[in-house]
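No lab work stands behind these numbers, since they all come straight from the coordinates. In this text the structure is predicted, and so the values were computed from the model without any measurement. When we count neighbours, we look across all protein chains shown, and the Cβ atoms used for this are built from the backbone with ideal geometry, even at glycine.
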Amino acid sequence: MLKVSGLETFYGASQALFGMSLDINTGEVVTLIGRNGMGKTTTVHSIMGITPPARGEITFEGRDLFGAPSYTVAQAGLGLVPEGRQVFPNLTVTENLIATSANRSGRASPWTLQSIFEFFPPLASRKDGMANLLSGGEQQMLAIGRALMTNPKLLILDEATEGLAPLIRHDIWDVLQRLKEAGQAILVIDKNIADLARIADRHYIVEKGAVVWTGSSEELLGDETLTDRYLGV
């Protein structure tokens, strides 16, 4: 589905990605993990056209997206839940959900307001409330719902549960598990390794702007040296 190869991305004269490569197959849940500042968000921003890469390849379902603007990437079927949620604060919950809605994947039964409210009951009771008045957990649900309303072929979550209370984090992981069971392809960044290992098919560990390890959840949990070397504080 998604193939990224040899990405090199710069912020001015400072290089952030050094040959980043990864791939995601239809229906897979794949993670990007690593310490802060290692290039995970930059990888997502490069894929989404937010921070265009200087060199490399990005293809999605065989379509070349290298250097494409963000709206073209979104129209191709990639939906982003950005770090920090970034909901539209001056719009209501309903307005946030319909602002960018479209059936990008051409599904016979696409996501609708009703199905989002059924999937996220807390949003249903706040549908006419302003987004900036929601709790952090509700805003994250709204950010996920907003991305789902584009009916993406690939859903990307940057720091899926950052800053959320433990009970809300549990709810978000439950949401991702249900999406996986429905066949949704997902790329997720987060720091909760045990939760990621429970739902993900494969993992990429990122160190200094490049992939240094990739493998299954069983392999990740079975090698303590990986945590000590690449994921510990």
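Taking other C-beta atoms within 10 angstrom as a stand-in for reagent exposure, TYR11, TYR204 fall in the order TYR11, TYR204, fewest first.
The number of Lys pairs in the chain with C-alpha atoms less than 25 Å apart, excluding pairs fewer than 8 positions apart on the same chain, is 13. Ranked by how many other Cβ atoms sit within 10 Å of their own Cβ, fewest first, the residues VAL93, VAL188, VAL212 fall in the order VAL212, VAL188, VAL93. Protection proxy ranking, highest mean first, for peptides 147-158, 26-37: 147-158, 26-37, where packing is the per-residue count of other beta-carbon atoms within 10 Å, averaged. For THR72, THR43, THR51, the sequence from fewest to most other C-beta atoms within 10 Å is THR72, THR51, THR43.
Hull volume per residue, based on the alpha-carbon atoms of the chain and their convex hull, is 120 Å³. On the beta carbon distance between GLN177 and THR214, with R0 = 35 Å, the FRET formula returns roughly 0.95.
Every helix of 4 or more DSSP H residues in the chain counts as -39500 (n - 2.57), and over all residues that averages to -9000 deg cm²/dmol at 222 nm. Our summary gives region 2-231 a relative contact order of 28 percent, counting only alpha carbon pairs under 8 angstrom and 6 or more residues apart. Quick one: check the C-alpha center-to-center distance for region 41-97 versus region 160-233, whole angstrom. After rounding, the separation between the Cα centres reads 20 Å.
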